[in-house]
Structures are given as structure tokens and as C-alpha cells.
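Participant: Mind looking over this structure? Questions follow.
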Amino acid sequence: MNKNYFCEKLLPLCGLVLGLAGNAGAAASMRVGKRSANRNGDRTQMGFRILSLLALVAVGVVPSYAITTYVVPPGLTVGDEFRYVFLAGNFAGSATAASTDINVYNAYVNTDANAGGSIIASLGIEDWMILGSTATVNVITNIGATPSTIGIYGLDGTLIADGTGTTGNGLFSGGLLSTLEYSTNGGQNSDYVFTGTNADGSTAAHPLGDANPEVGQGGFLNLFWTQVGTLPQGTSLELYGISPLLVVGPGGTVSEVPEPTTIGLMGLGAAFLLMARRRGPPFRCD
């Protein structure tokens, strides 16, 4: 890097960031809701991260976190099951939280995930779901429970949670292993997200469809990822999405795990064919 460029531009900007960091807590207090001193501390750290990134943008030193396709979680082998989580809201138009019907949100997430340009469209899955709650359907009921033995991963292959439980490092334990920040376009951000959900996965006092639904914010490992405050239902935000149960196949392929009823019907059909063959010529009605 040119010495003059560093001294005249980069160094002063870094000094500016350090000076502004002391005021980041005050700036954070203008965000959604009022939180405890510990939470304000978390926001101060986030404010510092944002200011640092702005400084890097100003001098053209911007790290790239974008991915061009989904990543099969490292360490998983053929037959291993897992789920993806992500941010939706890049291809399906503006997402608001006016509806009280969970199916509206599931359809939105599904449309966004399968749109042209989505890095997960090639998976061909048609039942992506929202990580969110309405007054009548909470998030666990909507997405189905996943045991701690099955990992929940970001689209970059990073382990985010062990299952969807409320203990250990479960998705609704208030202690994620990594932040949930990758979206369907491969980008990474930490915007506010409509959830309508409490930290433990129960329906919040202000669910989706409420005048001011609960929101979370990507970029946090604690309860803030799903429960940080409220915003008007007409605000255009992103939504969290999650896959059904997936399985790793040969050659690093990924597919949806068949529903138990589907497996049962396939087995019944195979048994019927086997019995028919053993009984001799097929029965005829003529």
C-alpha cells in the first residue's frame, strides 16, 4: 500500500472509527426497544463493527463475504442429515408482517429460495419455511422439532446450532454457535428481521400480523437474533428461512429426506408387488 495513501486516508479514518466507537452505545440506544446494560454492550460492539466496515469502504479495503453457491457442511458424510437456515428477502419483493397466516410467510420464503439468482434454487426443494410465529402457530410447530444430534447450518456450511431445542446450543437456547447472516443471494448482512418469536421459540407478545411484530437481528449469538424489539408491520424487512430435513448424498449432493408416510407407502407398494409375484398370474376381471 502507498505510504502517503495510508498516512493521509486510512490512518485518519481508523482514528475516526476509534473516536466514534465511544459513542456507539448512544447510537445503539436509538435502535429498537430498550434493553439491559449487557445488551447495550452487545450493541456497542455491533456499532463498532459497522463503523469499522464503513471506514474500510471509504478507503476501498472491503472484505468480501459473499458466496456463490450453498456449501455442503464440512465433516458430514453420505447419509448424514442436517438443515439449512438463511435470510430471505432478495428476490420475492418486499417482506412485511401484516398477515396473520403462517402459510403466507412460508410461501414467501419458498418463493425467494427458489427464485432465479438464489444460490439454493438448484436444490429443487419446494417446502422451505419461515423461522417465525403468528398468534396461532409458533415457530416450532411450523418447522418441526429437530434433535440436538442434527446440525443446523448456514448456507456457507458453518454450524449455527445443534438442533432446534432450547438447551445447550439449540437454535432457541439463546446461545448460537455462529451468527445467522447468509441470504439467498449469497450475501452476508445483519439486518433486522421479522420473527414474531421469543428467544425460546414461543410466540411473542407481538407475533407476525400484530401492528408492531417482534423482530430479531442477524449478527448476534444471543437472544437478539430472534428477539430484540418491535417494528411496525409495514416495515420492509427480511425473514429467516429454514429447510426441511436434508440428507447428504453421493458426490456431495443434497436432497430432502422423504416424509415417513412416503417411505411407508413405498414399502407397502413393494410388499404388495412381491406378494403378487409369489401368487402367480395376476387376477383378471374379464
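Participant: Cβ under 14 Å from Ser94's Cβ, Ser94 left aside: what net charge do those residues give with Lys, Arg +1 and Asp, Glu -1? Don't skip to the end; give the middle numbers.
Facilitator: Numbers: positive: none; negative: Asp112, Asp191, Glu238.
Charge balance in the 14 Å sphere: -3.
Participant: Also: Lys and Arg at +1, Asp and Glu at -1: add these up for the other residues within a Cβ distance under 14 Å of Gly144 and post the number. Mind dumping the intermediate values first?
Facilitator: Working: positive: Arg83; negative: Glu81, Asp127, Glu256, Glu259.
Result for the neighbourhood of Gly144: -3.
Participant: Could you compute the net charge surrounding Thr184? Neighbours are other residues with a C-beta less than 13 Å from the C-beta of Thr184; K and R count +1, D and E count -1. Don't skip to the end; give the middle numbers.
Facilitator: Details: positive: none; negative: Asp112, Asp156, Glu181, Glu238.
Surrounding charge for Thr184 is -4.
No value in this document is a laboratory result; all are computed from the given coordinates. None of these values were measured; they are calculated from a predicted model. Here the Cβ is made from the backbone with ideal geometry for all residues, glycine too, and neighbour counts use every protein chain on show.
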